[in-house]
């Protein structure tokens, strides 16, 4: 299996302050104690590359140790849990009847809705994206910067799109965005590409940010997390770069703002939210104008945010899930899932935020 020797583990450049002995700043005070865990299930690990997926009334999740599970969204009842027999590095992608994960040996593994292995395929490199499924297509990106598309039901490879990697990239897992005839992929170097799902041909390429600096570390400007598509706007954030949106049909830049993203952004067409590498949370309007900045978490290591109801949900390095008022960024609630970090963006399901910690606890939390 091909491996890149210059791949940076995790978001280590952004999170180097996480060494032992570091004093973690106190949490901002709350006017009232709000937030509750509705249910939780423990799997065998998580972290970058792991986030639950929600399909209809079920939650799918995987653990780094090899577990794969399906849970009832309403009450956390475990429908099934299997041991895949492999060390996993990304998971999960899910669609009706299918669940996809990848393992440390560079294999893509697709299971059916009972947990039975349906097919597997060698990627030729470790995956650096969660597999994404839509209809009968599955797309995944490898550490060699190839984007591969498969028939989701048979495992037949449809096409491969190849790009050259920069000398140094972040080892933080993201996921492509599938939307009918187009797949949108965030790449190292601050680039977004739109590819045909049918052939893999490039429709357009656009820059959210451009690498800059005097050395390769300073020039890292990778797109982090899943690009967000709202109407005609395709938006994303990059490390040591910008948060911005482009026209989804043409790739023409719409706007951008200097923010060094720490992970995925979220956008509902009115408000875009992003966490930065200093521990601040930013809210921008639909043309990139600042609405508010929450600085009360500065110095803490935050995960990626998500818009849940009238709040922003965001995890941190100590396993706390925080809710911020969407109107002004005030902290309005928090709950501790466990004592390990929440790095991936929460998945929203109505008023619930579904999260997974580095230790592997999958939990549904609500502000009310």
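The sole residue among 368, 299, 263, 288 that is within 23 Å of residue 239 (Cα to Cα), surrounded by fewer than 20 Cβ atoms within 10 Å (Cβ to Cβ) and modelled with pLDDT under 95 is 299.
State whether the residues of the stretch 117-134 include one that is free of Cβ contacts under 8 Å to residues at least 24 places away in the same chain, touching a strand residue (DSSP E or B) at 6+ places or on another chain (Cβ under 8 Å) and under 26 Å from residue 179 (Cβ atoms). Checked the stretch 117-134: no residue is free of Cβ contacts under 8 Å to residues at least 24 places away in the same chain, touching a strand residue (DSSP E or B) at 6+ places or on another chain (Cβ under 8 Å) and under 26 Å from residue 179 (Cβ atoms).
Out of 343, 335, I need the residue that is in contact (Cβ under 8 Å) with a residue 40 or more places away in the chain and closer than 15 Å to residue 36 by Cβ. Which one? Explain how you work it out, then say what you get.
Working: 343 fails: closer than 15 Å to residue 36 by Cβ.
When all the criteria are applied, what remains is 335.
Scanning the stretch 209-232 for residues that are surrounded by fewer than 24 Cβ atoms within 10 Å (Cβ to Cβ) and part of a loop (DSSP other than H, G, I, E, B) turns up 210, 211, 212, 213, 214, 215, 216, 217, 218, 219, 231, 232. Number of residues in the stretch 266-277 that are surrounded by fewer than 22 Cβ atoms within 10 Å (Cβ to Cβ) and more than 14 Å from residue 242 (Cα to Cα) equals 4. Filtering 85, 65, 21, 5 for residues that are out of contact with any strand residue (DSSP E or B) (no Cβ under 8 Å at 6 or more places or on another chain), part of a loop (DSSP other than H, G, I, E, B) and at pLDDT 95 or above leaves a single hit, 85. Among the residues of the stretch 30-56, the ones that are at pLDDT 90 or above, touching a strand residue (DSSP E or B) at 6+ places or on another chain (Cβ under 8 Å) and more than 17 Å from residue 363 (Cβ to Cβ) come to 3 in all. When residue 187 is tested against (1) under 21 Å from the mean Cα position of the chain (by Cα); (2) farther than 14 Å from residue 129 by Cβ; (3) modelled with pLDDT under 95, exactly one condition is not met: (2). Those residues that are surrounded by fewer than 21 Cβ atoms within 10 Å (Cβ to Cβ) and either in contact with a helix residue (DSSP H, G or I) (Cβ under 6 Å, 6 or more places away or on another chain) or closer than 19 Å to residue 52 by Cα (or both), I need them from the stretch 322-334; list them, please. None; the set is empty. Scanning the stretch 353-365 for residues that are surrounded by fewer than 24 Cβ atoms within 10 Å (Cβ to Cβ) and outside any loop (DSSP other than H, G, I, E, B) turns up just one, 361.
The values are calculated or read from the model by the stated rules, or taken from the named source; none is laboratory data. Values in this document were obtained by computation on a predicted structure and should not be read as measured data. Positions of Cβ are generated from backbone atoms using ideal geometry, with glycine treated the same way; all protein chains shown enter the neighbour counts.
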